[in-house]
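Asks: Have a look at the structure that comes next, please.
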Amino acid sequence: NTVYVFDKTLYQEAQLRYYIETHMHEALASEEYQLYLQPRMNLHTGHIDGAEALVRWKSPDQGFLSPGEFIPLFEKNRFIVKLDQFMFTSVCGLLRQWLDAGIEPRPLSVNVSQMQFHTPDFVERYIGIKSQYAIPDGLLELEFTESIFFDNVALLSSAVHEFRRAGIKCSIDDFGAGYSSLNVLKALPVSVLKLDGMFFRTAKDDEQANIVIRNIMRMAGELKMATVAEGVETPEQVAFLETTGCDIIQGYVFARPMPAAEFTALLAGEGGHAER
């Protein structure tokens, strides 16, 4: 006495999930995961200030897969730990490539999933990779989503201190998207505060939001934190952020994510070759 209705969309989604989970390891070995970079612009200088590393999966069977299709699955099955480490290694390799080629390197940030904190050697492994590639201090930044800070502040505080001593900056990503806590800012020596785009998108016409954002920028400055506004899409948003004291913007209004080789060419076009 039950009727099942066939849904083609659900069937296609199930097929894609099956493909992702059965090919994720092979894709890593075959170098199908690609390093993309989204440039950041310094509002004070008008020049590229660095970039955020983003993963793209180019499958020979499926073409480009959206991170929204595979990242949530990887977070559930813990494959995200391997992918995170691959991305961090790729970023270190790119920085070393720039250094060896005489290109003035810019800081690169890498996302860190919550699952990394369940791996016992997380901090030691990342510091070891930095040392392996002989990356100078200040060129690497690890982005932690705001939600991670509420799980185990003591554990995260210890990790942030160790990374800081090793010359790796840490940042709070998507600040303002969830239940932001000032206690987190007080307890952790993070170097960068990244504001979620939804937080300021309507601030220009909302006086209360305007006041909150301006004071967050001021507070971050007094705490010696750089501020990054991500998800910036219009010149009007840029103009507003310039009045708040924001340091760096990231978003489509400046540049979309691009392959690492394209970003390298962009640096060279800005006069990024260091004098030897």
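The values are calculated or read from the model by the stated rules, or taken from the named source; none is laboratory data. The shown structure was predicted, so the numbers you read here are calculated from the model rather than taken from an experiment. Quick reminder, even Gly has a Cβ in these numbers, built from the backbone with ideal geometry, and neighbours come from all protein chains shown. These area figures cover heavy atoms from the full protein model, side chains too; ligands, DNA and RNA do not enter into them. Shrake-Rupley method; radii C 1.70, N 1.55, O 1.52, S 1.80 Å.
Asks: If you average the sequence gap of Cα pairs under 8 Å that are 6 or more apart and divide by the length of the range 76-218, what percent do you get for the contact order?
Replies: Reported relative contact order: 19 percent.
Asks: What ranking do 129-141, 228-240 get when scored by the average of other Cβ atoms within 10 Å per residue, highest first?
Replies: My ranking of the peptides, most packed first, is 228-240, 129-141.
Asks: With a 1.4 Å probe and every protein chain left in place, work out the accessible area per residue of the range 1-134 in Å², rounded to a whole number.
Replies: Here the residues of the range 1-134 average 53 Å² of exposed surface.
Asks: OK, next. Taking 0.36 nm per residue of sequence separation and subtracting the Cα-Cα distance, how much length would be gained by fully extending the chain between Thr45 and Ser147, in nm to one decimal?
Replies: Length gained between Thr45 and Ser147: 33.5 nm.
Asks: When you take every Cα atom in the chain, what is the radius of gyration, and what is Dmax, the widest Cα pair distance, in Å?
Replies: Values for the chain (Cα only, Rg and Dmax): 19.9, 79 Å.
Asks: Starting from the Cα-Cα distance between Ala265 and Gln34, subtract it from 0.36 nm times their residue separation and give me the gain in nm to one decimal.
Replies: Once the chain is fully extended between Ala265 and Gln34, it gains 81.5 nm.
Asks: Out of all Cα-Cα pairs in the range 28-184, roughly what percent, to the nearest whole number, are more than 26 Å apart?
Replies: Everything past 26 Å amounts to 29 percent.
Asks: Separate question: Report the paramagnetic label zone for Gln97: residues of the range 33-47 whose backbone N is under 20 Å from a point 7 Å from Cα along the Cα-to-Cβ axis.
Replies: 33-40, by backbone N distance to the label point.
Asks: For the chain, which whole-number percentage of the solvent-accessible area (1.4 Å probe, protein heavy atoms only) is attributable to carbon and sulfur atoms?
Replies: Roughly 53 percent of what the probe reaches on the chain is carbon or sulfur.
Asks: Further question: Could you name the aspartates and glutamates whose alpha carbon sits less than 15 Å from that of Lys8, not counting residues in the same chain fewer than 8 places away?
Replies: Those aspartates and glutamates meeting the cut-off do not exist here.
Asks: For Leu16, what charge total do you get from the other residues with a beta carbon under 12 Å from its beta carbon, if Lys and Arg give +1 and Asp and Glu give -1?
Replies: Net local charge, Leu16 excluded: -3.
Asks: Here's a follow-up. For Phe254 and Gln208, FRET efficiency with R0 = 22 Å and r from the beta-carbon atoms, rounded to 0.05?
Replies: With R0 = 22 Å, the Cβ-Cβ based efficiency is 0.20.
Asks: If you don't mind, there's one more thing I want to ask. Taking the alpha-carbon distance from Lys76 and a cut-off under 12 Å, which aspartates and glutamates remain once sequence neighbours fewer than 8 residues away in the same chain are dropped?
Replies: Reachable aspartates and glutamates: Glu21.
Asks: Can you tell me the order of 187-199, 78-90, 11-23 when each peptide is scored by its average per-residue count of other Cβ atoms within 10 angstrom, highest first?
Replies: Ranked from most to least packed, the peptides come out as 187-199, 78-90, 11-23.
Asks: Order the peptides 57-70, 105-118, 249-262 from the highest to the lowest mean number of other Cβ atoms within 10 Å of their residues.
Replies: The packing order, highest mean first, is 105-118, 249-262, 57-70.
Asks: How high is the relative contact order of the chain, in percent, counting Cα pairs under 8 Å that sit 6 or more residues apart?
Replies: Here the relative contact order equals 20 percent.
Asks: Tell me the label-point distance for the pair Glu69, Asn215, using the 7 Å Cα-to-Cβ offset, in nm and rounded to one decimal.
Replies: Each label point is offset 7 Å from its Cα along the Cβ direction, giving 4.5 nm.
Asks: Could you tell me the calculated FRET efficiency between Phe86 and Ser157, based on Cβ-Cβ distance and R0 = 25 angstrom, to the nearest 0.05?
Replies: 0.40
Asks: A follow-up question, please. Kirkwood Rh, Cα Rg: Rg to Rh for the range 151-269?
Replies: Radius of gyration relative to Kirkwood radius: 1.01.
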